[in-house]
2 protein chains.
Amino acid sequence: MRDWLDEVPWNEHGLVAVVAQEAASGRVLTVAWMNRDAPKQTVESGEAVYFSRSRNRLLRKGEESGHVQKVREIRIDCDADAVLLQVEQVGGIACHTGHARCFFRKLENGRWVETDPVLKDPAAIYGNK
Amino acid sequence: MRDWLDEVPWNEHGLVAVVAQEAASGRVLTVAWMNRDAPKQTVESGEAVYFSRSRNRLLRKGEESGHVQKVREIRIDCDADAVLLQVEQVGGIACHTGHARCFFRKLENGRWVETDPVLKDPAAIYGNK
């Protein structure tokens, strides 16, 4: 039987784009990446596991901050090159900047304007690491 | 003054990932790509313009199907490598397969299961092209 991951046309870096959407609010929280191991670990643990391009390794979302994402649903798009997660965002903070979501800036008259508050100082989230 | 597009760390192909979300329903419709010219044309026209990787050119969403996306809001994420559009999906069909959204398949017990109906036969959408 063909594995469900065989349908993903992993890009030249072996990755696929992943959108995390907050199930309750419908807010798009983050766009991240997965390699082939990440969806398996996500399904097994029930929590989002991404591939960090900056750290070049798998990263359980919230492994340092505690802001894990409990995964309620996994969808894939028509050409299987993007994944959509419905998640419950523990702690209500998805972004390492302390914002609820990574998309806290909006285009207004040719400028990116910050529209959302910082809910918690990143230094407090990450213990000044 | 720094251009708002200078903040985007265009990838090695000169592209950035774009999530289109239906403003009214909150449904994530598509994940697509933009090159540097696409956001400018999107802002100028008020309708989503993407870079088609398969056609290797700019594509006004819906230019063949009429299913254009009227853009209500443009957001960018913390590290500026993903864009989020709030759109009004004309015709109620975002996917070339005739589904309302590209994410019409859901993971269930290790299989991708189609959960959403085809709203219109693609042959009728594209006139058998």
Exercise for the section: Taking the residues in the stretch B:63-79 that are over 25 Å from residue A:108 (Cβ atoms) and open to solvent by less than 70 Å² (accessible area, probe 1.4 Å) as candidates, determine which candidate is farthest from the other protein chains (Cβ to nearest Cβ). Expected result: B:66
Practice task
Would you check if residue B:118 is under 21 Å from residue A:74 (Cα atoms), at pLDDT 95 or above and open to solvent by less than 60 Å² (accessible area, probe 1.4 Å)?
Solution key: no
Practice task
Starting from the stretch A:54-81, take each residue that is closer than 22 Å to residue A:92 by Cα and list its partners that are open to solvent by 40 Å² or more (accessible area, probe 1.4 Å) and of a type in the set (A, V, I, L, M, F, W, C), counting only C-beta distances under 6 angstrom and pairs at least six apart or across chains.
Solution key: A:67/A:90; A:68/A:90; A:72/A:23
Practice task
Select from the stretch A:100-111 the residues that are crowded, with 17+ Cβ neighbours inside 10 Å and either at positive phi or in contact with a strand residue (DSSP E or B) (Cβ under 7 Å, 6 or more places away or on another chain) (or both) and list them in ascending order.
Solution key: A:101, A:102, A:103, A:104, A:105, A:106, A:107
Problem - Checking residue B:3 against (1) open to solvent by 30 Å² or more (accessible area, probe 1.4 Å); (2) within 11 Å of another protein chain (Cβ to nearest Cβ); (3) over 24 Å from residue A:116 (Cα atoms), the condition it does not meet - result: (3)
Problem - the stretch B:80-98 - residue that is polar (S, T, N, Q) and more than 8 Å from every other protein chain (Cβ to nearest Cβ) and, of those, surrounded by the fewest Cβ atoms within 10 Å (Cβ to Cβ) - result: B:86
Exercise for the section: Would you confirm whether any residue within the stretch B:13-24 is out of contact with any strand residue (DSSP E or B) (no Cβ under 6 Å at 6 or more places or on another chain), within 9 Å of chain A (Cβ to nearest Cβ), touching a residue at least 40 places away in the same chain (Cβ under 8 Å) and not acidic (Asp, Glu)? Expected result: no
Handout entry: Only listed residue being open to solvent by 20 Å² or more (accessible area, probe 1.4 Å) and among the β-branched types (Val, Ile, Thr), chosen from A:19, A:43, A:49
Key = A:43
Exercise for the section: Restricting attention to the stretch B:1-41, report how many residues are among the aromatic types (Phe, Trp, Tyr) and closer than 21 Å to residue B:89 by Cα. Expected result: 1
Exercise for the section: Within the stretch A:27-35, identify whether any single residue is away from every other protein chain (no Cβ under 14 Å), open to solvent by less than 80 Å² (accessible area, probe 1.4 Å) and either of a type in the set (Lys, Arg) or over 30 Å from residue B:116 (Cβ atoms) (or both), and answer yes or no. Expected result: no
Practice task
Go through the stretch B:99-114 and count every residue that is more than 20 Å from residue A:6 (Cα to Cα) and either of a type in the set (D, E, K, R) or within 10 Å of chain A (Cβ to nearest Cβ) (or both).
Solution key: 2
Practice task
Please verify whether the stretch B:38-54 includes one or more residues that are at pLDDT below 95, assigned to a loop (DSSP other than H, G, I, E, B) and closer than 24 Å to residue B:119 by Cβ.
Solution key: yes
Practice task
Being in contact with a Leu (Cβ under 6 Å, 6 or more places away or on another chain) and farther than 25 Å from residue A:99 by Cβ is the filter here, so list the residues in the stretch A:1-35 that pass it.
Solution key: A:35
Problem - Per-region count, the stretch B:55-65, residues more than 13 Å from the chain's Cα centre (by Cα) and closer than 13 Å to residue B:15 by Cβ - result: 2
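The values are calculated or read from the model by the stated rules, or taken from the named source; none is laboratory data. Owing to the predicted nature of the structure, the values given are computational and were not obtained by experimental measurement. Neighbour counts run over all protein chains shown; Cβ positions are idealised from the backbone, glycine included. In case anyone asks, the SASA skips ligands and DNA or RNA and just uses the protein heavy atoms, side chains included. Shrake-Rupley method; radii C 1.70, N 1.55, O 1.52, S 1.80 Å.
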